[in-house]
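Worksheet for the structure shown next.
The values are calculated or read from the model by the stated rules, or taken from the named source; none is laboratory data. Keep in mind it's a predicted model, so treat the numbers as computed, not measured. Here Cβ is always computed from backbone atoms with ideal geometry, including for glycine, and neighbour counts include all displayed protein chains. Calculation scope for accessible area: heavy atoms of the full protein, side chains included, ligands and nucleic acids excluded. Shrake-Rupley method; radii C 1.70, N 1.55, O 1.52, S 1.80 Å.
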Amino acid sequence: MTESASKIASDVRSGARTAASTVKESLDAIAARDAELHAFLYVDDLGARAAAIVVDAAIEAGRDPGPLAGVPLALKDNLCVRGVATTCGSKILNGWKPPYTATVIERLVAAGAIPIGKTNLDEFAMGSSTENSAFGPSRNPHDTSKVPGGSSGGSAVAVAAGYVPVSLGSDTGGSIRQPAAFCGLVGYKPTYGHVSRYGLVAFSSSLDQIGPFANTVGDAALISTVICGHDPADSTSLRDGYPDLMGALERGVAGLRVGLCSDLLDGADDEIVAQVRAAAQVLEAAGAEIIDIAIPELRLGLSAYYLLAPAEASSNLARYDGVRFGLRVERDDVAAMNVATRTAGFGAEVKRRIMLGTYALSAGYYDAYYGQAQKTRRLITNALDNAYASVDVLLGATTPTTAFGFGDKVADPMSMYLSDLFTIPTNLAGHPAISVPFGVGATGMPIGVQILAPGRKDDLLFQVGAVLEKGAPA
Amino acid sequence: MAGLARLELSPEEVETYTAQLGSILAHADDIAGLDLGGLEPMAHPFDIENVFRPDTVTPSLERDELLSQAPDVERNRFKVGRILGEAP
Amino acid sequence: MNGYETIIGLEVHCELKTATKLFCGCPNMFGDEPNTNCCPVCVGLPGSLPVLNERAVEFAIRIGLALNCEVRWSNFHRKNYFYPDMPKDFQISQYDLPLNSNGTLELPDGTVIGITRAHMEEDTGKSTHLGGSGRIHGADSSLIDYNRSGVPLVEIVSEPDMRSGAQARAYVAELRAILVAVGATDGRMEEGSMRVDANVSVRKPGEPFGTRCEIKNLNSLRSLQRAIEFEALRQVDALESGERIIQETRHWDEQAGRTGSMRSKEEANDYRYFPEPDLVPLAPSDAWIEQIRSALPALPKERRARLLALVDKSDSATIDLVATVVDRELDDLVIEAVASGAPAQLAVTRAANELDAGGVLPSTASFAATCQMEAAGALSATQAKAVLAALVDEPNADPKELASRLGFEQLSEDSLGATIEEVIGANADEWSRYVGGDDKLAQFFIGKVMAATKGKANGKAVIAELQARRN
Ligand SMILES: [Zn+2]
């Protein structure tokens, strides 16, 4: 599927094409290649066809199904859809069918989008490669010997392989931006609180945010305009201050102060640093002012993140106890059943993080680990706020390397965690960031550049992203 | 720690995890030593307060749909094995 | 007690009378079909998120203000522990920053008990145990109903300021009256809407506090007092025979009348409290707090004072009667009846002893008129009580008419006088002794007159007639 979401929607709305044919095209593409790439854990063939009929019927009846009319959409499999099995890439959910639908999906469907299926992910969104999925990894369409990134790897592959024009992922420490960079896509993490988390299976509640993958900055803006907005079902949802993303696309960057941040570059491969510098030149040529800036506090983000996120996760994942839903490994007494169920149901990385988080919160260690990490989070946020006094946005690398090979980092969790170094600080601060494809590395693998903006200033990302998209190497 | 998290680890796993957690916590030494005394711990990205819902009833789930996902059900209740010990 | 004193601190969990649960819109209802008042939030399904019930906060603030607490900026924490009736395997509660802290509660006798805190939290589901005795121990399996899961609770923690079971009982009775008065709860202990845990220790006066035990399952005022008294004696016996008290949770067995150890936990608890990331802080504005304060109804203490001022007596029997009237929410009726002419002492006595707070009450006018008739001697005490009982069926009936329907025709003064003359004539010896100053014989003559009139004579009128003839 080579058309953009905005082209599909305008064609469907004008009657130039049908939702049914669009969905068929999407399903055919999946059938042709997904045995190899494994983007999807579940393809809702019937559901998608039925939804397409509904959209087409609306058009025929003269009603407008909405700005995403007939647009096929892939959903990371940690988003709940009523009656559709949700796995979170884990054995522990064991075919669980949620009795309710996530707010984002309700918004998308109300806008005419058609969910095609649920995509692969690292178990409970913990990982950077999809290798932690209980159902096997997804493969990078640019080179199937390489990982697509993670944790939202399946959603990245679904767009990069041309199955769907847009998809949803979730980003806790870089889980949208990193696979977007690895797969040559636009990946956007909105300001925390801009997209309702109601119906997103929690990994780390104060860091998780849903966002899109798209081939273009414009498509990312289009779908984000639909998914962003206040939701009374999410106490952390922001009430107001939603910027106009579509309007930002044509605004240009003249006069914008862009901070080229050494702490979002140092440690990245040379070919990536070179592309980020080339991106800065594109912006400068378009009228932006490039300012070199150092924010050394960002380096501390990794440690803070790998204490805070597992701490919250250890609590969020307690409910997988075999009592109310999902897997149960029967034992005589409940406590033993809990242990047997969780031991059998969770994979190695999830167990590792639960242990780490339990430790960080436990009596005697709370102040040294969790408490100190919370203060570090404040330190980093203050440092970013301080930087934004002198620049409007920050520019850096999304990832230190291009997509790596399967198995390269499995044995050493710390090396895997380090691939999140540049994406983590924005999650800690709750700020928005976007990864935009910009050139390729020596092996032909895509490179992403990252733009960071202050909280609620998401429009700046689209302003800059649109300019970079036009100026990116062919 | 595994008991608190209701997980059981094999001796090999204990060894691997201990080493891995050790290296992660060693990395965290970069923040453990910082003097951050004056900083307010940050639990939320934004300082919003007082988010409420009105005290009005909204529909509950259909019981059959709720119980259909349960591993074991008896008399319309979730069934579990023996509970050792009272709630704390 | 061998010179020991008992030290008691209480933790009272009170279910708030909201329409919905604390974090979701499911009905806050008892007795419904199991698992029908449940949604993704209160069953802890993946992806669900809590949103705080504003009315529950208002109720909690009312409680805080009624207990003279500081009401402050607070937040919610997760208390992490695994238990099957706890759907998320953590409880959303408040930890180091409770909504209400540093309050006081004054008992009817004037003793002031410190309130450490009154914080908000969610209730758990309910388990039914199968096999064995139906108790948790010895059961083969358990069935769980999550209708109660997520019901709003306020936990009121006292300072260890109480010194006897009776005082603990008075504290809970007064606390319950306050909670009911502010409309935050229905206060039904037997049905579990108020649950009490008692921390009990003993010491010789002047020594530091001893090791305490926590007693659970106290679901009536009576068992609270009995359990504390038993436990204190148990601890004294143990100490006197050279044992040490182990800090533990004990279960009150109502049948056996004793506390028993509950130690069967296989692991130590480490609740790993941390701020609930799915909720934002609770920062009640001064304006909101003042608005709630100004709308608070009169509290029991104030209402008792108001009645005592009307009666203008302060003996312990009157204090008890007044406490009963307020406890049964009959004080407004009494005050209105007094305003329309009923004598205060009589109105309080009759309200406390004859009226059923839960049932139908007489209209103010009928109640006042009955009291007035009795005071004027138109009805005997027995007759007045019968009229009040009859008013339950006809709350607005005219007591005069009821009295005549009940056959309580008044003896005329003349016929009473004639009867008294007859009685005096038949008991001349006693009469001369009575006239000579033997006051005990008043009782004798009243009895004789009553018998002669088949109870229709008014006691006061008889005394007045006797007095008149004696002088
Ligand atoms: Zn509910």
Test: C:ASN68 is part of a loop (DSSP other than H, G, I, E, B) and more than 16 Å from the ligand (Cβ to nearest atom): yes
Yes/no for C:VAL360 being surrounded by 13 or more Cβ atoms within 10 Å (Cβ to Cβ) and at negative phi: no
Qualifying positions in the stretch A:341-354 - without any contact (Cβ under 8 Å) to a residue 40 or more places away in the chain and buried (at least 19 other Cβ atoms within 10 Å of the Cβ): A:LYS351
Candidate set from the stretch C:139-164 (those that are in a strand (DSSP E or B), over 23 Å from C:ARG62 (Cα atoms) and within 16 Å of the ligand (Cβ to nearest atom)); member that is least open to solvent (accessible area, probe 1.4 Å): C:ILE144
Within the stretch A:277-295, considering residues that are closer than 30 Å to B:GLY33 by Cα and touching a residue at least 60 places away in the same chain (Cβ under 8 Å), the one nearest to the other protein chains (Cβ to nearest Cβ): A:ILE295
Helices (runs of 4 or more DSSP H) enclosed by the stretch C:358-451 - at least 3 residues per element that are closer than 30 Å to C:ASP186 by Cα: C:364-375, C:381-391
Scope the stretch C:204-232; condition open to solvent by 50 Å² or more (accessible area, probe 1.4 Å), of a type in the set (A, V, I, L, M, F, W, C) and within 19 Å of C:SER193 (Cβ to Cβ); matching residues: none
In the stretch C:261-278, residue surrounded by the most Cβ atoms within 10 Å (Cβ to Cβ) [restricted to those that are touching a strand residue (DSSP E or B) at 6+ places or on another chain (Cβ under 7 Å) and modelled with pLDDT under 90]: C:MET262
Single condition C:GLU11 does not satisfy, out of (1) surrounded by fewer than 24 Cβ atoms within 10 Å (Cβ to Cβ); (2) within 12 Å of the ligand (Cβ to nearest atom); (3) modelled with pLDDT of 95 or more; (4) under 30 Å from the mean Cα position of the chain (by Cα): (2)
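Out of C:THR128, C:THR124, report the one residue that is within 14 Å of chain B (Cβ to nearest Cβ), outside any helix (DSSP H, G or I), open to solvent by 10 Å² or more (accessible area, probe 1.4 Å) and within 16 Å of the ligand (Cβ to nearest atom).
C:THR124
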Answer from A:ARG63, A:ARG82 - the residue that is in contact (Cβ under 8 Å) with a residue 12 or more places away in the chain, out of contact with any strand residue (DSSP E or B) (no Cβ under 9 Å at 6 or more places or on another chain), open to solvent by 30 Å² or more (accessible area, probe 1.4 Å) and not hydroxyl-bearing (Ser, Thr, Tyr): A:ARG82
Wholly enclosed strands (runs of 3 or more DSSP E) of the stretch C:72-120 bearing at least 3 residues more than 14 Å from chain A (Cβ to nearest Cβ) and either modelled with pLDDT of 95 or more or closer than 30 Å to C:SER316 by Cβ (or both): C:100-106
From the options C:PRO34, C:PRO87, residue that is open to solvent by less than 10 Å² (accessible area, probe 1.4 Å), more than 23 Å from the chain's Cα centre (by Cα) and either over 21 Å from C:ARG148 (Cβ atoms) or within 16 Å of the ligand (Cβ to nearest atom) (or both): C:PRO87
Subset of the stretch C:16-27 [buried (at least 24 other Cβ atoms within 10 Å of the Cβ), part of a loop (DSSP other than H, G, I, E, B) and within 9 Å of chain B (Cβ to nearest Cβ)]: C:PHE23, C:CYS24, C:CYS26
Members of the stretch C:279-312 found to be in contact (Cβ under 8 Å) with a residue 24 or more places away in the chain, open to solvent by 70 Å² or more (accessible area, probe 1.4 Å) and in a helix (DSSP H, G or I), listed by number: C:ARG293, C:LYS301, C:ARG306, C:LEU310
Helices (runs of 4 or more DSSP H) completely within chain B that count 1 or more residues being at pLDDT 95 or above, within 7 Å of chain A (Cβ to nearest Cβ) and more than 24 Å from the chain's Cα centre (by Cα): B:63-67
Tally of residues being open to solvent by less than 10 Å² (accessible area, probe 1.4 Å) and either of a type in the set (A, V, I, L, M) or more than 11 Å from chain C (Cβ to nearest Cβ) (or both) across the stretch A:201-228: 15
Residue match in the stretch C:74-83 (condition: within 13 Å of the ligand (Cβ to nearest atom), closer than 23 Å to B:LEU61 by Cβ and open to solvent by 10 Å² or more (accessible area, probe 1.4 Å)): no
The stretch C:334-357, residues that are open to solvent by less than 60 Å² (accessible area, probe 1.4 Å) and within 24 Å of the chain's Cα centre (by Cα): C:VAL334, C:ILE335, C:ALA344, C:LEU346, C:ALA347, C:VAL348, C:THR349, C:ARG350, C:ALA351, C:ALA352, C:LEU355, C:ALA357
Odd one out for C:MET29 among (1) within 15 Å of the ligand (Cβ to nearest atom); (2) at pLDDT 95 or above; (3) farther than 25 Å from A:ASN78 by Cβ: (2)
